[in-house]
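Derivation of every value follows stated rules applied to the coordinates shown; laboratory data play no part. Please read all numbers here as calculations on a predicted model, not as lab measurements. Neighbour counts run over all protein chains shown; Cβ positions are idealised from the backbone, glycine included.
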Amino acid sequence: MIELTINGKVVQVEPGTTVLQAAQKLGVKIPTLCYDERLSSPGACRLCIVEIEGMRGLPASCVTQATQGMIVYTHSEKVMEARKTILELLLANHPLDCLTCEKSGDCKLQDYCYEYGVAQTSFEGEKHVFELDDTNPYIIRDNNKCILCGKCVRACSEIKGASVLDFSQRGFNTKVTPAFDTPLADSDCVYCHNCVAVCPVGALMPKELLGKGRRWEMKKEPVTCTFCEAGCNFFLCKSKRDNRVLGVLAESAGPGRPLCLKGRLGLNFAYNPDCVEKPLLKVDGEFIPVEWAEALGLGPIVEKLKNL
Ligand code: SF4
Ligand code: SF4
Ligand code: SF4
């Protein structure tokens, strides 16, 4: 085991552990925008920088391996100032639409700006004006809100194995798109929503939740999918007001099988007016609804249940 000190506390970790993982083991929260434990780490957003004694600069903790005797400070003055600057740089080219943004209340950029007291940017300059991709029935892409963390690119390739998304263009014009910058509807996208689940901001939004309320007006209820025998776990997103199911949230797909399209979008059955809600008994050639007690009291069903 390797022993290092983080914020004055000693922690032991396996060789190969990153400083970020070692801090997480101690319960120290380091902000991240591009990191996801299920995906490879590019060290892209730099928000997880830390100060390490004897090391130049502020390395990104998600790509820095812990070494024996390392002394790390995760929230020193220098680190906090640098993180504020990084957030300001992100805001410099971000539409501050929080008042109407569907992601508000569930947005990591918004949360970190609040935590670090960043209300505006001191970096003035040009802003992107990308067209909204609203061409398919399931996902809205708003590249103006994208912070180029690359999580969707990696989720599509490493979780789904589809490799639909990637970075295109260069420098200021860099954006995440399907091949040849086509709309999602014209790509090989299967709408599995794994990219949506990992996006830390409002750049990829599920259409099923649009306009149905703010995130703090919704509650999450853990359920198991009944569509197939895999039994994936996810959250039903319900209105706190009337308990109505509004959508599915599965931000943690877990180490195993990620939730598929049926589990994420097969919600319409719940409120389908044609849905059979009571047992139907065939009387004189016609089906009539009966109570469960009556249906279960019928001989053949009782016998069948007894023999299960
Ligand atoms: S993506 Fe986040 S920070 Fe950007 S407008 Fe929406 S809520 Fe605000
Ligand atoms: S919905 Fe699935 S297939 Fe489509 S871009 Fe996102 S991760 Fe890739
Ligand atoms: S769309 Fe979202 S997940 Fe993809 S790069 Fe942009 S911010 Fe990151």
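Neighbours of Val190, meaning other residues whose beta-carbon lies under 14 angstrom from its beta-carbon, give a summed charge of +1 when Lys and Arg score +1 and Asp and Glu score -1.
The calculated FRET efficiency for Thr67 paired with Leu99, based on their beta-carbon distance and R0 = 45 Å, is about 0.45.
Taking the number of other C-beta atoms within 10 Å as the exposure measure, put Glu102, Glu14, Glu277 in order starting with the fewest.
Values: Glu102 21, Glu14 10, Glu277 5.
If I rank by nearby Cβ atoms, fewest first, I get Glu277, Glu14, Glu102.
Of the cross-linked pairs Lys262/Lys304; Lys25/Lys238; Lys103/Lys238, which ones have a Cα-Cα span greater than 25 Å in the structure shown? In this structure, Lys262/Lys304; Lys25/Lys238 exceed 25 Å between Cα atoms. Here each label is just a point 7 Å from Cα along the line to Cβ, and for Ala295 and Glu14 those points are 5.0 nm apart. On the basis of the beta-carbon distance and an R0 of 45 Å, Lys306 and Leu267 show a calculated FRET efficiency of 0.80. Using a cut-off of 22 Å between Cα atoms, the listed pairs Lys151/Lys240; Lys127/Lys175; Lys84/Lys127 include Lys151/Lys240 as exceeding that distance.
Across every pair of different alpha-carbon atoms, what Kirkwood hydrodynamic radius in Å does segment 1-78 reach?
Taking every pair of different Cα atoms in segment 1-78, averaging 1/r and inverting gives 12.3 Å.
For the chain, the mean residue ellipticity at 222 nm estimated from helices alone is -5000 deg cm²/dmol, where every DSSP H run of n ≥ 4 contributes -39500 (n - 2.57) and the total is divided by all residues, rounded to the nearest 500. Annotation for Glu229 and Trp216: the two label points, set 7 Å from Cα along the Cα-Cβ direction, are 4.6 nm apart.
Summing charges over neighbours of Ser239, with a neighbour being any other residue whose Cβ is under 10 Å away from its Cβ, gives +4 when K and R count +1 and D and E count -1.
3J(HN,Hα) along segment 100-117, derived from phi through the Karplus expression 6.51 cos²θ - 1.76 cosθ + 1.60 where θ = phi - 60°, amounts to 10, 5, 5, 7, 3, x, 9, 10, 5, 5, 4, 4, 6, 4, 5, 4, 9, x Hz, with x in place of Gly and Pro. How much net charge surrounds Lys78 when only other residues with a Cβ under 13 Å from its Cβ are counted (Lys, Arg +1; Asp, Glu -1)? So the surrounding residues net to -1.
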